[in-house]
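Chemist: There's a structure below that I have some questions on.
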Amino acid sequence: MTMERQKMQNAKYGVSEKSSYRSMLARDFRKNRLIYLMALPVLAYYIIFQYGPMYGLTIAFKNFTPAKGILGSPWVGFQWFQEFFNSYYFERLLKNTLLINLFSLLFSFPAPIILALLLNELRKEKFKRTVQTITYMPHFISLVVICGMIHDFTARDGIINDLVVLLGGKRSTMLLEPQLFKPIYIISGIWQGIGWGSIIYLAALSGIDPELYQASVIDGANRWNQIWHITLPGILPTIVILLIMRIGSMMSVGHEKIILLYNPSTYETADVISSFVYRKGLLEANYSYSAAVGLFNSIINLILVIAANWFSRKATETSLW
Amino acid sequence: MKIKRSIGERTFDGINVIFMILLIIVTLYPLLYVAFASISSPSLLMQHRGILLVPLGFETGAYQAVFDNPMISRGYINTLFIVVVGTTVNIVMTSLGAYVLSRKDLYWKKVFMFLIVLTMFFGGGMIPTYLLVKQLHLTNTLWSLIIPNALSTYNMIIMRTSFMSIPASLEESARIDGAKDFTILFKIILPLSMPVISVMILFYGVGHWNAWFNAMIYLRNRDLYPLQLILREILIASSLDNMMTETAVVDREPVAQTVKYATIMVATLPILCVYPFLQKYFVKGVMIGALKG
């Protein structure tokens with residue numbers, strides 16, 4: 001009896017035991033037709049412009065010529081990778097990429113933290129706001145203009161050279177000096193990013209319980225003790241996460257600023273993997289070779305990000321995924 | 001409550017304030033220098049060495065030259081088109097994607113999410129993307145700067161999180177009233193998400209405004225160049241030429257020099273005038289991103 005009733009009920013609601021996944025999907029499609037319509041452009045975007053280039057990466061294992069197309073070009077295995085690893089460039093690019101990251105880890109990373117801590121110690125709210133608004137400003141200047149200013153200021157008759165001469169130094173076209181490239185790159189980066197980078201730490205600072213400070217005063221703590229024992233531990237989780245993520249991108253340096261600042265006489269110290277890919281691939285049209293170099297870099301980056309994320313989850317219980 | 005401060009603390013405060021003032025000077029001076037130099041007399045500027053505390057003379061010839069340069073106004077128009085159309089496409093695509101992914105009953109949601117998040121950490125990279133855009137015949141059109149960047153996964157995920165925080169009851173009652181998905185998205189969800197949307201508009205907009213690299217690799221026709229690419233020619237390509245041909249004695253064209261400064265001002269001043277008013281949205285954007293991260 002119960003079985004019969006069940007069957008009748010099923011029939012009534014249009015559910016059969018055989019109701020397959022496909023018919024469920026079909027029903028969902030009828031019901032949510034608009035949702036599928038909405039998903040269409042987004043899906044198309046991902047398939048064409050995100051997964052399309054991933055398919056295009058197969059040219060790293062082929063001898064690609066535009067005339068033959070991706071499918072028509074012959075496979076060559078790991079030839080391009082071997083060529084890259086054995087080339088004179090490999091060591092140079094690796095060294096520059098890692099050194100620029102190392103310097104930015106040493107100097108650019110702590111700068112906003114220090115600024116946030118110092119801003120936090122300012123007593124006049126209005127002054128603090130002013131400093132914030134002004135230090136955020138360089139973030140809103142386009143990279144091209146920033147690099148244009150660097151070109152101008154470091155030129156032989158530029159203002160920085162004027163100051164160098166004033167201090168007893170010698171004039172030089174600084175962007176032609178290989179040993180000056182990394183300092184210029186890093187210092188200008190700090191100039192542009194210090195204020196903006198401090199926002200996140202200031203937010204973390206504002207989350208610290210004010211009672212902690214009051215209690216510490218009663219315990220006789222001075223400002224230095226407070227910074228060391230309350231403020232810093234308060235923002236430590238934020239610092240750790242950002243640090244780990246920063247380390248996760250140790251093998252990538254954006255090509256844009258490098259390309260705007262370097263020139264053949266500074267390739268020795270300035271050329272990084274991404275700028276090399278640009279030059280080999282787009283200027284010299286070595287598509288397969290540069291795609292292989294790019295793929296090598298992407299894979300290393302992916303591994304580093306996964307490792308950083310894993311480490312972050314272990315160390316701080318927070319992670320990207 | 002007034003707590004007596006020790007000498008050590010007062011010294012620290014003093015040094016801190018001095019440091020902040022130095023920081024302000026270091027941040028502002030390069031821009032002030034450019035501003036002063038742009039209205040200085042070109043020949044006086046050439047003879048001058050060291051820092052500028054006031055403009056040397058007053059001449060607006062450089063600005064005249066900038067405004068007379070058809071490439072700059074052309075660049076401004078192209079950039080404006082890219083910013084407006086590009087950002088619109090970005091917002092529409094991002095909200096469509098975010099809406100679909102915020103559906104609780106979406107089929108294969110986990111798979112889609114994985115495939116989407118994956119693109120944040122791995123991609124085809126510069127060369128295959130370039131070849132694809134070329135193959136699609138988008139090169140040498142402004143669409144090459146808009147369509148391949150139609151949406152940012154990161155922003156879409158942030159927007160999705162914001163959509164999911166909207167109470168489901170609002171949507172349900174709208175459905176009872178016969179509203180369809182498009183109505184729900186554009187009449188209910190988007191108006192309720194205005195804070196996030198405004199942050200997204202700013203981020204996408206500024207991204208389009210600053211972009212130059214894709215324009216450099218995709219565009220051949222100079223009439224299509226966005227402002228940043230024109231700036232690159234004026235500020236950087238010319239400087240590289242100078243460097244390469246440079247002998248011991250430098251003779252830079254004095255007028256060209258002030259024109260450069262005026263160009264920087266014309267390209268930067270509009271944003272610098274607006275940003276203090278938009279600052280809080282940007283700061284909010286950083287926070288939203290940080291919460292996600």
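Chemist: Mind checking whether some residue in the stretch A:90-104 is within 14 Å of chain B (Cβ to nearest Cβ) and at pLDDT below 95?
Modeler: No, the conditions are met nowhere in the stretch A:90-104.
Chemist: Moving on to the next point. In the stretch A:262-301, what residues are without any contact (Cβ under 8 Å) to a residue 60 or more places away in the chain and farther than 15 Å from A:Y89 by Cβ?
Modeler: Within the stretch A:262-301, A:L282, A:A285, A:S298, A:I299, A:I300, A:N301 meet the criteria.
Chemist: Which one of these does A:Y46 not meet: (1) in contact (Cβ under 8 Å) with a residue 24 or more places away in the chain; (2) within 17 Å of B:I147 (Cα to Cα)?
Modeler: All conditions are met except number (1).
Chemist: Let me ask another. For A:S188, indicate whether it is part of a helix (DSSP H, G or I) and surrounded by 20 or more Cβ atoms within 10 Å (Cβ to Cβ).
Modeler: It is true that A:S188 is part of a helix (DSSP H, G or I) and surrounded by 20 or more Cβ atoms within 10 Å (Cβ to Cβ).
Chemist: Something else: Of the conditions (1) in a helix (DSSP H, G or I); (2) acidic (D, E); (3) within 9 Å of chain B (Cβ to nearest Cβ), A:E211 satisfies every one except a single condition; which number is it?
Modeler: (3)
Chemist: Could you please tell me which pairs satisfy a Cβ distance under 9 Å, a separation of 6+ or placement on different chains, a first residue in the stretch A:124-148 that is in contact (Cβ under 8 Å) with a residue 60 or more places away in the chain, and a second residue that is acidic (D, E)?
Modeler: These pairs meet every condition: A:L143/A:E256; A:V144/A:E256; A:C147/A:E256.
Chemist: Considering only the stretch A:283-321, state which residues are at pLDDT 90 or above and not in a helix (DSSP H, G or I).
Modeler: Across the stretch A:283-321, the qualifying residues are A:E284, A:A285, A:N286.
Chemist: Report yes if B:F114 is more than 8 Å from every other protein chain (Cβ to nearest Cβ), closer than 30 Å to A:G248 by Cα and hydrophobic (A, V, I, L, M, F, W, C), otherwise no.
Modeler: Answer is yes for this residue.
Chemist: Something else: Among the helices (runs of 4 or more DSSP H) confined wholly to the stretch A:1-49, which include 1 or more residues that are modelled with pLDDT under 85 and among the hydroxyl-bearing types (S, T, Y)?
Modeler: Answer list for the stretch A:1-49: A:2-13, A:21-31.
Chemist: Scan the stretch A:218-230 and give yes if some residue there is closer than 24 Å to B:N210 by Cβ and crowded, with 17+ Cβ neighbours inside 10 Å, otherwise no.
Modeler: Checking the stretch A:218-230: not a single residue is closer than 24 Å to B:N210 by Cβ and crowded, with 17+ Cβ neighbours inside 10 Å.
Chemist: Quick check on this structure: which one of A:I235, A:I247 is crowded, with 20+ Cβ neighbours inside 10 Å, part of a helix (DSSP H, G or I) and away from chain B (no Cβ under 11 Å)?
Modeler: Result: A:I235 is the single residue among A:I235, A:I247 that is crowded, with 20+ Cβ neighbours inside 10 Å, part of a helix (DSSP H, G or I) and away from chain B (no Cβ under 11 Å).
Chemist: Quick one: which of B:S198, B:S169, B:S193 is out of contact with any helix residue (DSSP H, G or I) (no Cβ under 6 Å at 6 or more places or on another chain) and away from chain A (no Cβ under 13 Å)?
Modeler: So the residue among B:S198, B:S169, B:S193 that is out of contact with any helix residue (DSSP H, G or I) (no Cβ under 6 Å at 6 or more places or on another chain) and away from chain A (no Cβ under 13 Å) is B:S169.
Chemist: Residues in the stretch B:66-80 that are under 19 Å from B:T141 (Cβ atoms) and touching a residue at least 60 places away in the same chain (Cβ under 8 Å): how many?
Modeler: 6
Chemist: Quick one: what pairs do we get from the stretch B:197-210, first residue over 11 Å from B:G86 (Cβ atoms), second modelled with pLDDT under 90 and among the basic types (K, R), C-beta under 7 Å, 6+ apart or different chains?
Modeler: Qualifying pairs under 7 Å: B:V199/B:K284.
Chemist: Still on this model: All but one of (1) more than 9 Å from chain B (Cβ to nearest Cβ); (2) at pLDDT 95 or above; (3) over 26 Å from A:P110 (Cβ atoms) hold for A:I187, so report the exception by its number.
Modeler: (3)
Chemist: Pairs needed: first member in the stretch B:142-155, without any contact (Cβ under 8 Å) to a residue 40 or more places away in the chain; second member anywhere, surrounded by fewer than 21 Cβ atoms within 10 Å (Cβ to Cβ); C-beta distance under 6 Å; at least 6 residues apart or different chains.
Modeler: Between residues of the stretch B:142-155 that are without any contact (Cβ under 8 Å) to a residue 40 or more places away in the chain and residues that are surrounded by fewer than 21 Cβ atoms within 10 Å (Cβ to Cβ), the close pairs are B:T153/B:I116; B:T153/B:T119; B:T153/B:M120.
Chemist: Check A:E177 against each of (1) surrounded by fewer than 19 Cβ atoms within 10 Å (Cβ to Cβ); (2) without any contact (Cβ under 8 Å) to a residue 60 or more places away in the chain and name the one condition it does not meet.
Modeler: (2)
The values are calculated or read from the model by the stated rules, or taken from the named source; none is laboratory data. Predicted model, so just to flag it, every value in this text is computed and none were measured. Here the Cβ is made from the backbone with ideal geometry for all residues, glycine too, and neighbour counts use every protein chain on show.
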